[in-house]
Amino acid sequence: MDITDYLKEERNKEWRKTLRANIKPKDRTAIEKVKMPEENPNIRNTNNIEVNKGLTKEQALIEASRCLDCADPTCIKGCPVNINIPKFIKNIENNDFLAAAATIKETNSFPAVCGRVCPQEIQCEEQCFYTQKLHLPSVAIGYLERFAADFERNSGKISVPEVSYKNNIKIAVIGGGPAGLATATDLIKLGYDVTIFEALHEIGGVLKYGIPEFRLPNEIVDIEVNNLTKMGVKFVKNFIVGKTASFDDLRNEGFKAFFVASGAGLPNFMNILGENSINIFSSNEYLTRINLMNAAKTQFDTPVFSGKNVAVIGGGNTAMDSVRTAKRLGAERAMIIYRRSREEMPARIEEVKHAIEEGIEFLNLHNPIEYIADENRKVKAMKLQKMELGEPDSSGRRRPIPIDGAIETIDVDTVVVAVGVSPNPLIPRNLSNLQVSKWGTIIVNENMQSSVEDIFAGGDIVRGGATVILAMGDGRRAALGINEFIKSKIKA
Amino acid sequence: MDFKNINDILDFAIKNEQQAADFYYKLSNDSVEKQMKETFLAFAKEEEGHKARITKVKESGEYTLEEKKVLDLKLGDYLVPAKTSEKMTYQEALILAMKREKAAYKLYMKLSEIAPNDTLKNLFKGLANEEAKHKLRFEIEYDDIIYAEN
């Protein structure tokens, strides 16, 4: 059955018809969009407690009733993993929260993660009928996704898809981040013997090392990863494919195909004067050491210095995560230094709002041009070039132009550079027959297959830095590609 | 540098562009990674494209090079110079290219200041402007990729 027929059939079920008939569309659209309950900004900026508290059952029921259960659900087109959004929302309206969670899990094994970190406002919610046609705030799809997932987890009745068929064909997934986890989920369901090789000592990739607990608690990731273990996925930690073992070593061990999801763990520095001074970190290092290695806790032996005057360079989610972390570690001034204005910031609107509430300062239209260190080579100040906005660039954002002579110096004792990331170079550099772009991303076809026929790739190693859900979408496509590849080999 | 006439200037500029192309051909040859070999080869071709443009100006006898002010993002001004090596990254390659174009721009601007008459001054300014355009092309790529979240 194709997807359109499936959606139609589901929508025509009696319970959906009854629900639609219960409330008139004009009464549904008259309901105000729910507001996410949040922790108090002046308290939360001193601890690591999750900022968004999640919807109550009553809020979720009301919000779910705003959804019109459209005949042409455009929201699904905005979802990179094609969740049956109306079906899960109508299950919530129908008070069947476990069924809602099960619906999401038909195509996404990480609903509690995605409900928290997906940029729904530029994906499913942007395509919502409310946004497109009514010019009203969309249905809070992300909040509802999180609600369903949290309800299921807290109920103790987490559904784990049963994997009955096993073909004993070994597939290696390289990287335990969003793309790798998504591929592994689909491949194990197809019967493959899947092993995830992870370089770090924890599974989750950027979900663990990059996103702080106040936005995504590690426990949430662990529980969803644990479901994969229950399904039969094997995990090998502290294992670097390309160093610990080569692709040929793994081929000799019987692995028939590979999915490379090694991410974009290489931080971009600006290459300006003084950038090598002490206490200037990449956001990757700063966040990894704090999120994954307990560096901010005195009882651990890998301390990270986080000072009183902290400047974070950049305007993306990683910059917001870094600056809000600095505030929580005791910074008196935690500043965002960003070249453009707030309108051009790539960070989610919600993250910027939370940062402002927590007392983060924004030095927009400023760009660092030099760092000044003290006699011990520790950073003590930075020179900032004031900018103005010119014409839009290829991203549609107005390009920042320096204002002649407008340079100021500010005191800082810690700097976190969060201007962007590049693909992890280890695998692209070590496989001479792998086709790689000049920026180091692996080049793949529409099935996520690389120039080496048994190597597939997806997520940030292909995209160079994107969202969790786009990486998961790649992972799902790659699983289909790998399945086709294996089938073609068996036939041959 | 002793320029007796316009053709001397254009010959000098043509030679400069060829030297730049040769520089990148050598880097391409020396690079270990395939994609960097291709990158420097592309840079070399771009320089030869600039040479062809100036050669055309010389052959046509129409010495009108655009003098409209080119946008200067000044990214290259604050970057630490990249050292050439057989293992350069694309980021380093862009820094190198930006710095070279800026140096060429400055040279032509200096020559325009000391040129004995307006015709020569304007020609040097036009050539400087060409180099500014080349630098902008590298700055924009650097800006879009390295500063993606800035």
Quiz item: Once you charge only the Cβ atoms, +1 for Lys and Arg and -1 for Asp and Glu, what is the size of the charge dipole of the protein assembly as shown about its Cα centre, to the nearest 20 debye?
Solution: 920 debye
Quiz prompt | Estimated 222 nm signal from helices in the protein assembly as shown, with DSSP H stretches of n ≥ 4 weighted -39500 (n - 2.57), rounded to 500 | solution = -14000 deg cm²/dmol
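What number, in nm² with one decimal, is the all-direction average of the projected area of the convex hull of the alpha-carbon atoms of the range A:340-492? Don't jump to the answer; show the numbers that get you there.
Working: hull surface 54.1 nm².
In nm², the orientation-averaged hull projection of the range A:340-492 is 13.5.
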Quiz item: Quick one: if you stick a label point 7 Å off each Cα along the C-beta vector at A:Lys8 and A:Asp393, how many nm between them?
Solution: 4.7 nm
Quiz item: What number, in nm² with one decimal, is the all-direction average of the projected area of the convex hull of the alpha-carbon atoms of the range B:6-146?
Solution: 8.4 nm²
Quiz item: Hey, any idea what the orientation-averaged projected area of the convex hull of chain A's Cα atoms comes to, in nm²?
Solution: 25.3 nm²
Quiz prompt | Percent of Cα pairs exceeding the 23 Å cut-off, where the set is the range A:267-421 | solution = 34 percent
Quiz prompt | Three semi-axes of the equivalent ellipsoid, the range A:211-255, Cα gyration tensor, whole Å, largest first | solution = 29, 15, 6
Practice problem: Please go through the residue pairs A:Lys243/B:Lys37; A:Lys13/A:Lys90; A:Lys438/B:Lys56; B:Lys45/B:Lys69; A:Lys383/B:Lys135 and name each one whose alpha carbons sit more than 20 Å apart in this structure. | Solution: A:Lys243/B:Lys37; A:Lys438/B:Lys56; B:Lys45/B:Lys69; A:Lys383/B:Lys135
Self-check item: Farthest positive-ward along chain A dipole, Cα basis, beta-carbon charges - from A:Thr185, A:Phe269, A:Gly458
Solution: A:Thr185
Practice problem: For the range A:298-361, run through the GluC sites (Glu not before Pro) and keep only the ones in DSSP coil with at most 13 other Cβ atoms within 10 Å of their Cβ. | Solution: A:Glu332
Exercise. With a cut-off of at most 13 other beta carbons within 10 Å, and DSSP calling the residue loop, which trypsin sites (Lys or Arg not before Pro) in the range A:127-171 qualify? Please list them.
Key: A:Lys157, A:Lys166
Practice problem: List the GluC sites (Glu not before Pro) within the range B:53-150 that fall in a DSSP loop (any state other than H, G, I, E or B) and whose Cβ has at most 15 other Cβ atoms within 10 Å. | Solution: B:Glu62, B:Glu66, B:Glu67, B:Glu86
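Every read-out reported here was derived from the displayed coordinates using simple, explicitly stated rules and does not represent laboratory data. In this text the structure is predicted, and so the values were computed from the model without any measurement. As a convention, Cβ positions derive from the backbone with ideal geometry for all residues, glycine included, and neighbour counts pool all protein chains shown.
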